[in-house]
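Structure record follows, encoded as structure tokens.
The values are calculated or read from the model by the stated rules, or taken from the named source; none is laboratory data. Values in this document were obtained by computation on a predicted structure and should not be read as measured data. Methodologically, a virtual Cβ is constructed for each residue, glycine included, from the backbone with ideal geometry; neighbour enumeration extends over all protein chains shown. To get the accessible areas, we keep the full protein, side chains included, count just its heavy atoms, and leave off ligands, DNA and RNA. Shrake-Rupley method; radii C 1.70, N 1.55, O 1.52, S 1.80 Å.
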Amino acid sequence: MVMMRAGTCVEHVLSQPAEDDGAFVVRIDEPPAKPAPVHIEPAQRPPLLRLRHALRIAVGKRLQFAPEFGPRGVLGAASVRVVRCGAPPLRGEWWATDQFQVVAEAYRHNFGHGRIRDGRSQLCMYRRGKKVVDAWGDSLGADESYSGDSLQAVFSCSKVMCAIVFGWLRDRGHIDYDAKVCTYWREFAAGGKEDITVQDLLKHDGGIPWLDDKVPSELTVGTERLDELAALLAAQTRIFPPGKRVYHAVIQGPLLNELCRRADPRRRTIAQVLSDEIAQPLGIDVYLSLRDDQDGRLATSYTPSDLWAKYNLLAPYAATKCFLGTDQAGAGLSEMIANQSDLDSLYNKASRPVARDEDASSDEQRRRFINTPALCASNGMANARGLAKLGAMIVNGGEVDGVRILRRSTVREMCSTLDVRPDAFFGNADMGWTRGGFYRWDHTAKVYAIREGAIGWAGLGGSCLILDMEKGLATAFCTTSMRHAATTELRWAPFFRAAYEAIATAEQPSHWRALAIAARVFVRHGPQYDKRLQALPVHIE
């Protein structure tokens, strides 16, 4: 029997090593007659509390609550029984500067204690060109080779890499954002595509979100048959009229890759330009194609249980409506999610692989994934350290650690001229893209605790590269957990909230900084100072 004062954080108790079957039983004695607990009916709760209660129900499979744990909460319950299933030990590193320790703490909490869990992931942040956070964690425990250097599939986060490669082409004078694609690729003018510009492809306004004809998978593997693939792309008829925005989830890669081959004097693929001109000079691990002998560096992704899928279906709509006072974005996401069950829907057509070969083995599919430079907008592989440094180069005006990749004027052009239009892929929700192909978070930013105006993009599963140009913050998050979609990703919020708290505290005068720290500690640990709680003895068996 272990005695402990009331008010001790239950999360701290649950973090201790489990005995026997890996379960804890926490019992709180009957509360005194006075003061009587305050009972709040569910319908009378503030919106945020109702949302939190709903989300707790959604994720309650891992934390099984006794029937007494209900609307009254801990104070009013006669007894509380929390069972925590045994979990593998958490491996990881949580480095951060003194100012950003709160971010590393928030990231570590993401692995348990009733929050949305990660199996394996990495988080890295740069501010003003200096690394401030470098953390990784592994709670699966099956493979101890995973570390902060492991590569992970980041899927559509690769579109940010492609945009930076085209920024390099623009910087060197090889391409013009306003020029028509057929200026560099004459055959592309067929099928009503003669007026499509370079920035139309970068902003998903090309009107060809998929190919009508099936592409042999051999055309996308390696670089030997890219000319044959280019012929199929050029022959495709434009599907949507000018001005109609439809997210080019997969097809953007082959289109941009061929355009890069035509514009680059050495006819290199986007993957080759990224490696030769950006990744190697910066010394970072970001790839759009891997050799077969590098396969061992790529961590295996996995799909979580149906419980998490259901959570990710419901959370974005509720959070958007609660925080923004509007359901425009949430309704668009709901429509997108509903379309997934229809194989002939626009969503599924635009999401299906360019090269379809259902008979290939899993090993063969993996080999094709890592060695398909033509699919560069959806098959990127990186770690958070590499992605964050790549983003820091953009945030810092084209230079990081003394290595200049782009001119400041080029970076300004890439991030300028925001174009916001309804996107049919996302249920006609407004999507804004910059001139250089970066997505800009505006009306949905509060859902993820991102500052409005931040740019970047994310990929399936939740990997992201997000750049706050005003605050000088570059954030990369990479995960092996394939949740529903990046657009329903809520794991980012604790990281960004903590980061902006740290930045705001640093920007305050010293005396205000001390008050801010004291206020944050009180908000987080306030219940420990409640006299009613201190009067309750707590026993742990």
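At a Förster distance of 41 Å, what's the computed FRET efficiency of residue 470 paired with residue 194, Cβ-Cβ distance as r, to 0.05? Walk me through the intermediate numbers first.
Numbers: r = 39 Å, r/R0 = 0.95.
So the FRET efficiency works out to roughly 0.60.
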Practice prompt. Place +1 on the Cβ of every Lys and Arg and -1 on the Cβ of every Asp and Glu in region 177-279, take the dipole about the Cα centre, and give the residue among 201, 255, 273 whose Cα lies farthest towards its positive end.
Written response: 201
Discussion item. Need the full-extension length gain, residue 93 to residue 300, defined as separation in residues times 0.36 nm minus the C-alpha distance. One decimal, nm.
Written reply: 72.5 nm
Discussion item. Need the full-extension length gain, residue 293 to residue 174, defined as separation in residues times 0.36 nm minus the C-alpha distance. One decimal, nm.
Written reply: 39.6 nm
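What is the extension gain from residue 240 to residue 418, computed as 0.36 nm multiplied by their sequence separation minus the C-alpha to C-alpha distance, in nm to one decimal?
Numbers: separation 178, 0.36 × 178 = 64.08 nm, distance 2.15 nm.
61.9 nm is the gain from fully extending residue 240 to residue 418.
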Practice prompt. Quick one: accessible surface of residue 446, probe radius 1.4 Å, all protein chains present, in square angstrom to the nearest 10.
Written response: 120 Å²
Worksheet item: Karplus couplings for region 263-275 from phi (6.51 cos²θ - 1.76 cosθ + 1.60, θ = phi - 60°), rounded to Hz, Gly and Pro as x?
Response: 8, 6, x, 9, 6, 8, 6, 4, 4, 6, 5, 4, 5
Item to complete: Could you list, in their original order, any pairs among 349/446; 180/203; 131/203 whose Cα atoms are separated by more than 22 Å?
Response: 349/446; 131/203
Worksheet item: If you place +1 on the Cβ of every Lys and Arg, -1 on the Cβ of every Asp and Glu, and leave all else neutral, what size is the dipole of region 373-417 about its Cα centre, to the nearest 20 Debye?
Response: 80 debye
Worksheet, complete the sentence: For region 103-254, the Cα-Cα pair-distance distribution in 10 Å bins from 0, as whole percents, is 9, 27, 26, 19, 17, 2
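Translational diffusion coefficient, Stokes-Einstein: compute it for region 395-437 using the Kirkwood radius over C-alpha pairs as Rh, at 20 °C and 1.002 mPa s, and state it as an integer in µm² s⁻¹.
Details: Rh = 11.9 Å.
After rounding, the answer is 180 µm²/s.
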Discussion item. Under the rule of at least 5 residues apart or a separate chain, name every residue whose amide H is placed under 5 Å from the amide H of residue 197.
Written reply: 181
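Using the heavy atoms of the protein chains alone and a 1.4 angstrom probe, what is the accessible area of region 380-436 per residue in square angstrom? Each step should come with its number before you reach the end.
Details: 1800 Å² over 57 residues.
Per residue, region 380-436 has an accessible area of 32 Å².
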Response to the item:
Of every Cα-Cα pair in region 378-505, the percentage lying beyond 24 Å is 28 percent
Discussion item. Starting from the 7 Å offset along Cα-to-Cβ, what nm value, one decimal, do you get for the label separation of residue 275 and residue 186?
Written reply: 3.1 nm
Worksheet entry | 3J(HN,Hα) from dihedral phi, region 445-450, Karplus parametrisation 6.51/-1.76/1.60, rounded to Hz, x for glycine, proline | 4, 5, 4, 9, 6, 8
Fill in: Electrostatic dipole magnitude of region 202-279 [Cβ: Lys, Arg +1; Asp, Glu -1; Cα centre; debye, to 20]
320 debye
